[in-house]
Ligand SMILES: Cc1ncc(COP(=O)(O)O)c(C=O)c1O
């Protein structure tokens, strides 16, 4: 039994008891199941294999903003993934994980000169460009170093999609992408430029897309634009159709991958381009938990607080998005139920994982997990309150591997410099 399962009364990750991981590596610690990542990757790749011909399979560029540990990247690469990045740092992580630069797609609304140079020198597959000024910037930088850039333009389809307003990126008031008229202008402008080739379009409407029909609505905007561009003499040989596939945190409706693959087959495939996808959360979200220890149970007139050693600096999603995460005890899993506010030690009331949640009764020293924390968890962690970043463990076929040690507080403090103020 792999994934996160109970064995002899104790929660395991891919057959390793989480009690053993806590004893060996301490808490808070992110624990990832390689088995769950593989299952997710194969489900997505498998749905596309069934729907599309062998020579038109999409390039699955894992959006590593979701979880950029080099071991995770390396594992997903071994399964067949390519990579989507949003920074120079992610470029270097990708290269360190063994991706070829030609497997890497660079996205984001603003790219610094040094990031563009690093990507061009490495030889990435393409830049996804999101404005006319960005187009000029990339052309200038490419000219300065004498390396041609390949670009696609991100269409803003004016379709709402993301699971909450902060991760919805396809509405016309969002900062992302360009509208149809600007796409035409961008292709015309690119045709006059010496240092880049414009070869296609991209679209990404948000993350944890809950109204799954929104994918179809966004795709349906593409064919007429592609035909118009071709009629105007432009090349459209690549379509990057983004990521955003939802996972289950609580009781969300999942995207039927076969439906999604049929939309790709019916709407995108006839356009006869290379197809690129950018899944992030879907591949890693349910593959991770944040393993934590109960510091205290604080009983008050209003509520009982379960004060744990993880905090908003370790996992910010509940504070930032009011996001729901399942919480479970690691041991004593058949204890009586009790209602708790689960909170961290940070000096903000917002440092709250949940309020009034019914859990099995826990006491000081017990272990618990915050579930579905594999995406946008560790990679959004900070040193707030000078708390060291948690450790990360990847469990693969019954063996726990340390893939990032707990940060040492002295490393954090050593970065500061006391100037000589005379
Ligand atoms: C351009 C782009 N592609 C892909 C993703 C990955 O989204 P998700 O993790 O929901 O699949 C994001 C995330 O916001 C993104 O901005």
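The values are calculated or read from the model by the stated rules, or taken from the named source; none is laboratory data. Nothing here was measured: the structure is a model prediction, and the numbers come from that model. Positions of Cβ are generated from backbone atoms using ideal geometry, with glycine treated the same way; all protein chains shown enter the neighbour counts.
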Strands (runs of 3 or more DSSP E) (entirely within the stretch 234-351) containing at least 2 residues that are surrounded by fewer than 23 Cβ atoms within 10 Å (Cβ to Cβ) and touching a residue at least 12 places away in the same chain (Cβ under 8 Å): 274-277, 288-299, 304-308, 327-329, 337-343
The stretch 382-404: number of residues that are in contact with a strand residue (DSSP E or B) (Cβ under 9 Å, 6 or more places away or on another chain) and surrounded by 12 or more Cβ atoms within 10 Å (Cβ to Cβ): 14
Total residues in the stretch 25-47, condition crowded, with 20+ Cβ neighbours inside 10 Å and part of a helix (DSSP H, G or I): 7
Of all residues making up the stretch 8-34, the number that are under 14 Å from residue 287 (Cα atoms) and free of Cβ contacts under 8 Å to residues at least 40 places away in the same chain: 1
Within the stretch 92-105, tally of residues that are under 20 Å from residue 154 (Cα atoms) and within 17 Å of the chain's Cα centre (by Cα): 2
Among (1) out of contact with any helix residue (DSSP H, G or I) (no Cβ under 7 Å at 6 or more places or on another chain); (2) surrounded by fewer than 18 Cβ atoms within 10 Å (Cβ to Cβ) - the single one residue 22 does not satisfy: (2)
Residue match in the stretch 49-68 (condition: modelled with pLDDT of 95 or more, more than 16 Å from the ligand (Cβ to nearest atom), part of a loop (DSSP other than H, G, I, E, B) and surrounded by 20 or more Cβ atoms within 10 Å (Cβ to Cβ)): no
Subset of the stretch 212-239 [within 16 Å of the ligand (Cβ to nearest atom) and over 13 Å from residue 157 (Cβ atoms)]: 212, 238
Number of the condition not met by residue 54 [criteria: (1) assigned by TED's automatic domain parsing to the domain that holds residue 201; (2) touching a helix residue (DSSP H, G or I) at 6+ places or on another chain (Cβ under 7 Å)]: (2)
